[in-house]
Amino acid sequence: MERVQLHRYIDLAGASSADAKPEPRGMSRRQFLTAASAVAAVSTMSSEAFARNFIDQYDPDGPIARYPNPDVIVLDKRFKYKLGNTPIVRLYRGTMWAEGPAWNGVGRYLIWSDIPNNEQLRWIEEDGHVSRQFRYPANNSNGNTFDYQGRQIAFEHGTRRVVRYEYDGSVTVMADKSSDGKGFNAPNDGMCHPDGWLFFTDPGYGGLMNYEGVRLNTGSPQPVQKEAIYRIDAPGKVEKVADEPFKPNGLCFSPDFKKVYVADTGVSHYSEAKSVIWVYDVDGRKLRNGRVFASMEYNGKTGFADGIRCDEDGNVWAGMGWVGDGYDGVHVFAPDGTRIGAIRMPEIISNVCFGGTKRNRLFMTGSTSLYAVYVETRGGTLT
């Protein structure tokens, strides 16, 4: 492929939709997809590639998608997951603040939360139908996950507890207080281990505002106690495992379950906090050696990482936001913490998960919307 053709594609990735030029004619489909991958691999060299003025184009009745999608950006050659012939699509629009996507492989559906509207929604893969009030009221639930028996687990802001929905429709309270008898601030996100226990985070946002829970009016960024990460071994059996992050938020396991990654959004309330993702070593059921995995600063701008998930190669895919166009979306970090790829989105992306029949579709909750895009990797864990 000639050098001039590469630069032509780089310009396309860095331009607005109004400035986009037609694809070169006379190329075979194989040549085109190869060219798309090659251009994506060098798009990191363009300072404009990560700062395009975003035009909302993902509605079914919106503009025709142009391949390769210029909003999936390769920042490092290790990011080999961009597909040259797939679009980003909006599957639903109409939430107030979408969070907590979780994929159920048996039912072929996705659960997610609209925290302020106090409901959980369900998107069904076979026909795209959305059940607006799959669960209502949902106690301002935030994160959701499924255990290895297929039962849904929700982290509720309104009641400040972790619950599990049983096969018979009943609800089991997994945890509503820590081992010292204190209530939680407002459980946020978590993930199950194949052995049956789970970790979850308790940053407390639902205890700081009525919009997402019940404001406790304590005058402190800690509604009840120090923010922390907990483990649940069985209903009512809870242990604190770490509290280094200022406000531990999104959480995920590595694909081999030897590490746990935790997004820290403490800069929202603590001047001494930094916007980072932490990583811990899993030692039995304990967390050890907590350390900073990656900074959320990019090109002089710093936002938040919220929900996170690992792919099968151990890369961390992070929902990002609170900066604006060119930053908000999804950032992808290699196992060594290097930012290797990104997906630019028109809204703050609060959370992500892998799903679909092959677990190769990335679902993204974006403020008022649910988005999805196919990628050439698969989720590293169940949900």
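Summary table
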item	result
Computed E for K240/I64 - FRET, C-beta separation, R0 45 angstrom, nearest 0.05	0.30
Residues of segment 352-383 with amide N under 16 Å of a point placed 7 Å along Cα→Cβ from E126	356-357
Evaluated at q = 0.19 Å⁻¹: base-10 log I(q)/I(0), Debye formula over Cα of segment 140-268	-1.02
Label-to-label distance, nm, for residues given as F257 and Y148 (7 Å Cα→Cβ offset)	0.4
Cβ-Cβ FRET estimate between V171 and D325, R0 fixed at 35 Å, reported to 0.05	0.30
Where labels lie 7 Å past Cα in the beta-carbon direction, separation of R285 and D76 in nm	3.5
Values of log10 I(q)/I(0), in the order q = 0.14 Å⁻¹, for segment 103-183 under a Debye, Cα-only, solvent-free model	-0.47
Trypsin sites (Lys or Arg not before Pro) restricted to segment 312-383 and DSSP loop, no more than 12 other C-beta within 10 Å	K358
Rg to Rh, two decimals, where segment 47-199 supplies the alpha carbon set and Rh follows Kirkwood	1.05
Charge dipole of segment 89-374 about the Cα centre (unit charges at C-beta), most positive-ward option of S141, G290, G356	S141
Mean shadow area of segment 89-374, taken as a quarter of the surface of its Cα convex hull (nm²)	13.7
Sorted by Cβ density within 10 Å, fewest first, the residues R309, R231	R231, R309
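The numbers here are math on the coordinates, done by the rules we state, and not lab data. The structure displayed is predicted, hence computed values, not measured ones. FYI the Cβ positions are ideal-geometry reconstructions off the backbone, even for glycines, and counts take in every protein chain you see.
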